[in-house]
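S.K.: Below is one structure. I have some questions about it.
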Amino acid sequence: MKNLTKLFYILGFFFLTTAYSFSAEKVDYLKTDWSFKGLFGKFDRGSLQRGYQVYTEVCAACHSMKYLSYRNLGEKGGPEFSEAETKAIAASFEVLDGPNADGEMFTRPAKLSDKFVMPYENVKAAQAANGGAYPPDMSVLVKARGGGVDYIYSLLQGYEDAPSGMTLDDGVHYNKYMYGNKIKMSAPLSDGIIEYGDGTEATVEQMSKDVTTFLMWAAEPHLEARHQMGFKAIIYLIILTVLVYFSMKKIWSRVESEV
Amino acid sequence: MSDHDYTPSSKVGKWFNDRLPLLTLANHLTDYPTPKNLNYWWTFGGILTFCLITQIVTGLTLAMHYIAHADMAFESVEHIMRDVNYGWLIRYIHANGASMFFLAVYIHIFRSLFYGSYKSPREIIWIIGIIIYLLMMAAAFMGYVLPWGQMSFWGATVITNLFSAIPLVGEGIVTWLWGGYSVDNPTLTRFFTLHYLIPFLILGLVVLHIWALHVPGNNNPVGIDIKKPSKDTVPFHPYIVIKDGFALLMFMIVFAFFVFYSPNILGHADNYIEANPMVTPAHIVPEWYLLPFYAILRSVPDKLLGVVAMLSAILILAVLPWLDTSKIRSAVFRPLYKQFYWILVADVLILGYMGAMPAEGLYLLIARVATAYYFLHFLVILPVLGFKEKTIPVPLSITESVLGGSPNLATARNNESFDKSK
């Protein structure tokens, strides 16, 4: 038994150092309390709803979220807008449908089953409108960046004047958390840029936290279910392990050998 | 073994067993005499069987929803994660299951190295094991390509390009592997086909591995030949079944922590970016379990020689039974080998770490030293050690060793720190 515990320590250490070495940039990101971390981590519903508002009023101008559907906004474990609210949100977008019986394409208000409407027709159009840089799709963005939520949260607040001696091309901005410190996206958030429906003050810090929470949910829509099931599964396994351990002791007591 | 004496008690059973002796097989498996001093390092064979079955079952389920097409693979994985019922669970089990599989196989291999399980008469078991390990690496590599993320695409590009190092026909082979002039849709579909096929080849080899094991029977921590059945053995069922079961449950707890609480920690963030042939990631790194070999590959300046070194690092294991000249199996009775064994473990861990680091400066230097030592261990130290080493007297039976019946054994027991399983 002692050896097993020792083994798990060694392996745990090995995995952690490996995982750490994978995150190539070792920057100290801004820290905040994420409600969705930990064994019982859950999303803050209010933060998710506000985060959606930031996304749709600010980010969605350039960033698509092509793997999400409007129905997701009303599903359990997400922002959990009511059915009426979700339908209203969907209906506020126009989607291209067709062809109809006459062979014509037509537009109609979006339904719950429609995917999020994309700001640009295609990657080329997105690049053309953004000085050659493609605003990445945000569906799994949090998981696609080494620093995860802390990175996104910091990046949104990391805009500063470039240090003296650093020259920036036109349309390039300085961000102390961006890889190479140069980013084509101008600072997207400023205090009071939007007005929260629930009366929360829309500071840059607050909006960063809300929209990052929303992006985490978008990337991991089943995170709450995963945490809940994980806790039950592990408790079950521990109880079973204890029972099997005592059965094993009993069975092995028949031979003069130790287990 | 008592196989021949077995007759089913029922008439139907006897009728069936005379035509297909499945009941005799079942009887052999339950009664199989196993050394009673096996420690927990011996439970990883059972754990590996569990890993293989888990990968096959989750893999079949994923294959029902996955689309092997360059334009749709990434999206279909997101579909599994979002819309398939418990798809996230199945995919995370499968993805982390690969890591758990390798974790278990490394422990299994290093257990064999410590206790000399590869030595006569178990060479065939060992060689089958090495083939399984090679197939596992192929399956894992191709599996990593299927989500068609950035690391999938560039990992596939780097690894398939290794074949271009072969003189004369190299370029042709790479084109043939790709099914075109770059990694693209034909590459993805053939990788999917092979990824689906290999686990079943492994399953067949596992049957042979166990069959070959059941001829001489298990090695044991003392490393001596034992009479079977005797008071040194216990029947496989219930003794080993319950012990393997207990160890498996401990393993599953660790597995569950990864699946439920940090499912992406062992993967690379870049693989959540859809494959893009126009953008090369800053660092292309393989999964953690291939890192030691990646370090060996990069530590040789010449491409062809690098590939040769990497392959030799694995294939050298196949001839290990003949490189190790010592007649004593267990490291418990080989004080010098025991020290070299732990140096080798450290060496492989260092190689793994260097594989994750950029190949430059001090990292590269350490990787080169570690690579040289790896080969030195197998090609020089092991053959010489067999002749030079002064070993500790080996006990005559397991019971003697466990109970400490003779003065010899007191020494043996004192040196047995590694396999005390209390």
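S.K.: I'm checking my understanding of the structure. Among residues of the range A:113-171 that are of a type in the set (Lys, Arg) and surrounded by 15 or more Cβ atoms within 10 Å (Cβ to Cβ), which one is nearest to A:Tyr67 (Cα to Cα)? Outline the logic, then answer.
M.R.: So in the range A:113-171, the residues of a type in the set (Lys, Arg) come out as A:115, A:124, A:143, A:145.
Cutting the leftovers down to surrounded by 15 or more Cβ atoms within 10 Å (Cβ to Cβ) gives us A:115, A:143, A:145.
Working: A:Lys115: 7, A:Lys143: 14, A:Arg145: 17 Å.
Among those residues, the one meeting the criterion is A:Lys115.
S.K.: Against the definition (closer than 30 Å to A:His222 by Cβ, more than 7 Å from chain A (Cβ to nearest Cβ) and at pLDDT 95 or above), how does B:Phe258 come out, yes or no?
M.R.: On the way: closer than 30 Å to A:His222 by Cβ: yes; more than 7 Å from chain A (Cβ to nearest Cβ): yes; at pLDDT 95 or above: yes.
It is true that B:Phe258 is closer than 30 Å to A:His222 by Cβ, more than 7 Å from chain A (Cβ to nearest Cβ) and at pLDDT 95 or above.
S.K.: Further question on the same structure: Which of the residues spanning the range B:282-326 are surrounded by 19 or more Cβ atoms within 10 Å (Cβ to Cβ) and assigned to a loop (DSSP other than H, G, I, E, B)?
M.R.: Across the range B:282-326, the qualifying residues are B:Val285, B:Pro286, B:Glu287, B:Asp324, B:Ser326.
S.K.: What's the number of the condition B:Arg413 fails, among (1) surrounded by 19 or more Cβ atoms within 10 Å (Cβ to Cβ); (2) modelled with pLDDT under 95; (3) assigned to a helix (DSSP H, G or I)?
M.R.: Result: B:Arg413 fails condition (1) only.
S.K.: Of the residues B:Leu62, B:Leu23, which is among the aliphatic types (A, V, I, L, M), surrounded by 13 or more Cβ atoms within 10 Å (Cβ to Cβ) and under 30 Å from B:Asn85 (Cα atoms)?
M.R.: Details: B:Leu23 fails: under 30 Å from B:Asn85 (Cα atoms).
Step by step, each of B:Leu62, B:Leu23 is checked, and only B:Leu62 is among the aliphatic types (A, V, I, L, M), surrounded by 13 or more Cβ atoms within 10 Å (Cβ to Cβ) and under 30 Å from B:Asn85 (Cα atoms).
S.K.: Which residues, counting only those in the range B:31-53, are assigned to a helix (DSSP H, G or I), more than 14 Å from chain A (Cβ to nearest Cβ) and touching a residue at least 12 places away in the same chain (Cβ under 8 Å)? Can you show your working first?
M.R.: Just the residues of the range B:31-53 that are assigned to a helix (DSSP H, G or I), to begin with: B:31, B:40-53.
Still in the running and more than 14 Å from chain A (Cβ to nearest Cβ): B:31, B:45, B:48-49, B:51-53.
Selection gives B:Asp31, B:Gly45, B:Leu48, B:Thr49, B:Cys51, B:Leu52.
S.K.: Could you look through the range A:172-184, keep only residues that are surrounded by 14 or more Cβ atoms within 10 Å (Cβ to Cβ) and within 14 Å of another protein chain (Cβ to nearest Cβ), and pick out the one that is farthest from A:Leu30 (Cα to Cα)? Please lay out each step first, then the result.
M.R.: Here is the first cut: in the range A:172-184, the ones surrounded by 14 or more Cβ atoms within 10 Å (Cβ to Cβ) are A:172-179, A:181-184.
So of that shortlist, the ones also within 14 Å of another protein chain (Cβ to nearest Cβ) come out as A:178-179.
On the way: A:Met178: 13, A:Tyr179: 15 Å.
By that ranking, first place goes to A:Tyr179.
S.K.: In the range B:264-314, how many are more than 14 Å from chain A (Cβ to nearest Cβ) and of a type in the set (Gly, Ala, Ser)?
M.R.: 5
S.K.: For the range A:123-145, give me each residue that is basic (Lys, Arg) and away from chain B (no Cβ under 12 Å).
M.R.: Of the range A:123-145, the ones basic (Lys, Arg) are A:124, A:143, A:145.
Passing the criteria: only A:Lys124.
This table checks each residue for (1) of a type in the set (A, V, I, L, M, F, W, C); (2) outside the structural domain of B:Ile224 (by TED's automatic domain parsing); (3) more than 21 Å from the chain's Cα centre (by Cα); (4) modelled with pLDDT of 95 or more.
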position	(1), (2), (3), (4)
B:Ser312	no, yes, no, yes
B:Leu317	yes, yes, no, yes
B:Thr325	no, yes, yes, yes
B:Tyr337	no, yes, yes, yes
B:Tyr341	no, yes, no, yes
B:Leu344	yes, yes, no, yes
B:Val348	yes, yes, no, yes
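S.K.: Check B:Ile127, B:Ile107, B:Ile90 and return the single one that is more than 14 Å from every other protein chain (Cβ to nearest Cβ) and either more than 18 Å from the chain's Cα centre (by Cα) or touching a residue at least 60 places away in the same chain (Cβ under 8 Å) (or both).
M.R.: Working: B:Ile107 fails: more than 14 Å from every other protein chain (Cβ to nearest Cβ); B:Ile90 fails: more than 14 Å from every other protein chain (Cβ to nearest Cβ).
Checking each option against the conditions leaves just B:Ile127.
S.K.: With respect to A:Leu141, is the statement that it is under 18 Å from the mean Cα position of the chain (by Cα), modelled with pLDDT of 95 or more and not assigned by TED's automatic domain parsing to the domain that holds A:Ile194 true?
M.R.: Values: under 18 Å from the mean Cα position of the chain (by Cα): yes; modelled with pLDDT of 95 or more: yes; not assigned by TED's automatic domain parsing to the domain that holds A:Ile194: no.
For A:Leu141, the condition - under 18 Å from the mean Cα position of the chain (by Cα), modelled with pLDDT of 95 or more and not assigned by TED's automatic domain parsing to the domain that holds A:Ile194 - is not met.
S.K.: Now for a separate question. Of everything in the range A:209-259 that's of a type in the set (Ser, Thr, Tyr) and facing another protein chain (nearest Cβ under 9 Å), which residue is farthest from A:Glu75 (Cα to Cα)?
M.R.: Taking the range A:209-259 as the starting set, the residues that turn out to be of a type in the set (Ser, Thr, Tyr) are A:212-213, A:236, A:241, A:245, A:247, A:253, A:257.
Okay, now just the ones that are also facing another protein chain (nearest Cβ under 9 Å), so A:241, A:245, A:247, A:257.
Details: A:Thr241: 35, A:Tyr245: 41, A:Ser247: 44, A:Ser257: 56 Å.
The selected residue is A:Ser257.
S.K.: Let me ask something additional. Looking at B:Leu205, B:Leu188, B:Leu177, B:Leu168, which is the one that is among the aliphatic types (A, V, I, L, M), out of contact with any Pro (no Cβ under 9 Å at 6 or more places or on another chain) and on the phi > 0 side of the Ramachandran plot? Let's see the steps before the verdict.
M.R.: Working: B:Leu205 fails: on the phi > 0 side of the Ramachandran plot; B:Leu188 fails: on the phi > 0 side of the Ramachandran plot; B:Leu177 fails: on the phi > 0 side of the Ramachandran plot.
When all the criteria are applied, what remains is B:Leu168.
S.K.: What's the total number of residues in the range B:206-259 that are surrounded by fewer than 20 Cβ atoms within 10 Å (Cβ to Cβ), of a type in the set (A, V, I, L, M) and assigned to a loop (DSSP other than H, G, I, E, B)?
M.R.: Counting residues in the range B:206-259 that are surrounded by fewer than 20 Cβ atoms within 10 Å (Cβ to Cβ), of a type in the set (A, V, I, L, M) and assigned to a loop (DSSP other than H, G, I, E, B) gives 1.
The values are calculated or read from the model by the stated rules, or taken from the named source; none is laboratory data. Just so you know, these numbers come straight off a predicted model, no measurement behind them. Methodologically, a virtual Cβ is constructed for each residue, glycine included, from the backbone with ideal geometry; neighbour enumeration extends over all protein chains shown.
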